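Mind having a look at this structure? Questions to follow.
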Amino acid sequence: MAGTTTLTFAERRQKWDVKLSPFGFISPYFLIFGVFGLFPLLYTAFVSLQKRNLIDADGAQFIGFGNYEQLLFHDPYFWNAMGNTVSLWLLTTIPQILFALGIAHLLNRRLRGRMLFRMGMILPNITSVAAVTIIFAQLFGRDFGLINWVLSWFGGGHVDWQAGTASSHTAIASMVVWRWTGYHALIFLASMQAIPSSMYEAATLDGAKGWQQFWRITVPLLRPQIIFSTVIATTGNMRLLAEPLLFNPGTAAATGGSDRQFQTAALYLYEQGFTKYDFGYSSAIALILAVATMLVAGLSYLVTRRIQTD
């Protein structure tokens, strides 16, 4: 037919290459996510509908939503663990963000040896969580702990940090805050250095002091980074496992104390799945914890965004 052109094989190959090659470039991510992300999630959902022992997979029985019914309506230990999880989330996330902002603000000044301080901020984050927890457990020891020794200078008694709910949560939260504050501080510091100095110079000419400039210029311009760090901290702190597990080493470590006073939801999952070998029940806990984490992360995002807007 007149007016039509026939593409050669090389031209057709080039045309399809332009259309399909972008999908080929991003396909490794989706393959890895499918194998290590989506499949485990779907398999966990499947197992949560079964009564299944971890070491006897052949004896699995399909029970529908029986695990969820037991978990949500007849298991006070689960709700105790969720309460501890929310408490530790509040005690860790808020101080992390506030301390990180303050440290980043200090490191953004002209200090002698500030590069050394900046490098030191990341050291707690790359330290083994097991080592950090063991050291902090010694620091918060009842009889020979350094914290109680310092408190004795001010007339304080020997606090049994593992025995009480508030004391154990404070000790565990201090581990998390110490380990992750520097990470968030470096994120805030990098963003602070991108703020034009002309904005601070104009504020100085208008009579704004350093504290006013921090809250009126720095913090509002760090809004995306603050939201990011809040969400990241929330998702991590809602899944605390190693800190409460190693804070009370021994045969009863999975219970989170003698009265389950610092047992988190992740630790309760560990107890059900790897000490009682109830694979189906622990899978149900995992899915509910995942949903709860997404809800709390979404709430953190909305609250942080609202505060920044106001």
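So residue 284 ticks every box in (1) hydrophobic (A, V, I, L, M, F, W, C); (2) surrounded by fewer than 22 Cβ atoms within 10 Å (Cβ to Cβ); (3) modelled with pLDDT of 90 or more but one. Which box is left unticked?
(2)
While we're looking at this one, here's another question. Scanning for something closer than 15 Å to residue 284 by Cα and either of a type outside the set (Phe, Trp, Tyr) or touching a Gly at 6+ places or on another chain (Cβ under 9 Å) (or both), does the range 33-40 turn up at least one residue?
Within the range 33-40, one or more residues are closer than 15 Å to residue 284 by Cα and either of a type outside the set (Phe, Trp, Tyr) or touching a Gly at 6+ places or on another chain (Cβ under 9 Å) (or both).
Now a separate question. Test residue 217 against the stated conditions and say whether it is of a type in the set (A, V, I, L, M), touching a residue at least 24 places away in the same chain (Cβ under 8 Å) and assigned to a helix (DSSP H, G or I). Before you say what the answer is, go through the steps one by one.
Values: of a type in the set (A, V, I, L, M): yes; touching a residue at least 24 places away in the same chain (Cβ under 8 Å): no; assigned to a helix (DSSP H, G or I): yes.
No: the conditions fail for residue 217.
Quick test for you: out of 173, 190, 202, 185, pick the one residue that is under 27 Å from residue 303 (Cα atoms), small (Gly, Ala, Ser) and out of contact with any helix residue (DSSP H, G or I) (no Cβ under 7 Å at 6 or more places or on another chain). Give the steps one after another, and end with the answer.
On the way: 173 fails: out of contact with any helix residue (DSSP H, G or I) (no Cβ under 7 Å at 6 or more places or on another chain); 202 fails: under 27 Å from residue 303 (Cα atoms); 185 fails: out of contact with any helix residue (DSSP H, G or I) (no Cβ under 7 Å at 6 or more places or on another chain).
When all the criteria are applied, what remains is 190.
Something else: Considering only the range 267-290, how many residues are part of a helix (DSSP H, G or I) and more than 18 Å from the chain's Cα centre (by Cα)?
Within the range 267-290, residues that are part of a helix (DSSP H, G or I) and more than 18 Å from the chain's Cα centre (by Cα) number 10.
Can you pull out the residues in the range 161-194 that are of a type in the set (A, V, I, L, M, F, W, C), over 14 Å from residue 122 (Cα atoms) and open to solvent by 20 Å² or more (accessible area, probe 1.4 Å)?
Let us first name the residues in the range 161-194 that are of a type in the set (A, V, I, L, M, F, W, C), namely 161, 163, 166, 171-173, 175-178, 180, 185-190, 192, 194.
Next, from what is left, pick out any that are over 14 Å from residue 122 (Cα atoms): 161, 163, 166, 171-173, 175, 192, 194.
161, 163, 166, 194, listed by residue number.
Please work out which one of (1) surrounded by 14 or more Cβ atoms within 10 Å (Cβ to Cβ); (2) more than 30 Å from residue 219 (Cβ to Cβ); (3) of a type outside the set (Ser, Thr, Tyr) is the condition residue 74 fails and give its number.
That leaves (1) as the condition not met.
When the range 249-266 is examined, which residues are found to be in a helix (DSSP H, G or I) and crowded, with 24+ Cβ neighbours inside 10 Å?
265 - this is the single residue of the range 249-266 that is in a helix (DSSP H, G or I) and crowded, with 24+ Cβ neighbours inside 10 Å.
So, restricting to helices (runs of 4 or more DSSP H) that lie completely within the range 35-122, which ones have at least 3 residues that are touching a residue at least 12 places away in the same chain (Cβ under 8 Å), in contact with a helix residue (DSSP H, G or I) (Cβ under 9 Å, 6 or more places away or on another chain) and among the small types (Gly, Ala, Ser)?
Details: elements: 39-47, 66-73, 76-107.
Where helices (runs of 4 or more DSSP H) fall fully within the range 35-122 and carry at least 3 residues being touching a residue at least 12 places away in the same chain (Cβ under 8 Å), in contact with a helix residue (DSSP H, G or I) (Cβ under 9 Å, 6 or more places away or on another chain) and among the small types (Gly, Ala, Ser), they are 76-107.
Go through the range 272-281 and give me each residue that's open to solvent by 10 Å² or more (accessible area, probe 1.4 Å) and of a type outside the set (Lys, Arg). Even if it seems obvious, please write down each step before you answer.
If we filter the range 272-281 for residues that are open to solvent by 10 Å² or more (accessible area, probe 1.4 Å), which is where we start, we get 272, 274-279, 281.
The answer is 272, 274, 275, 277, 278, 279, 281.
The values are calculated or read from the model by the stated rules, or taken from the named source; none is laboratory data. Because the structure is predicted, anything quoted here is derived from the model rather than measured. Virtual Cβ from ideal backbone geometry, glycine too; neighbours counted across all protein chains shown. We work out accessible area using only protein heavy atoms, side chains counted, and drop any ligands, DNA or RNA first. Shrake-Rupley method; radii C 1.70, N 1.55, O 1.52, S 1.80 Å.
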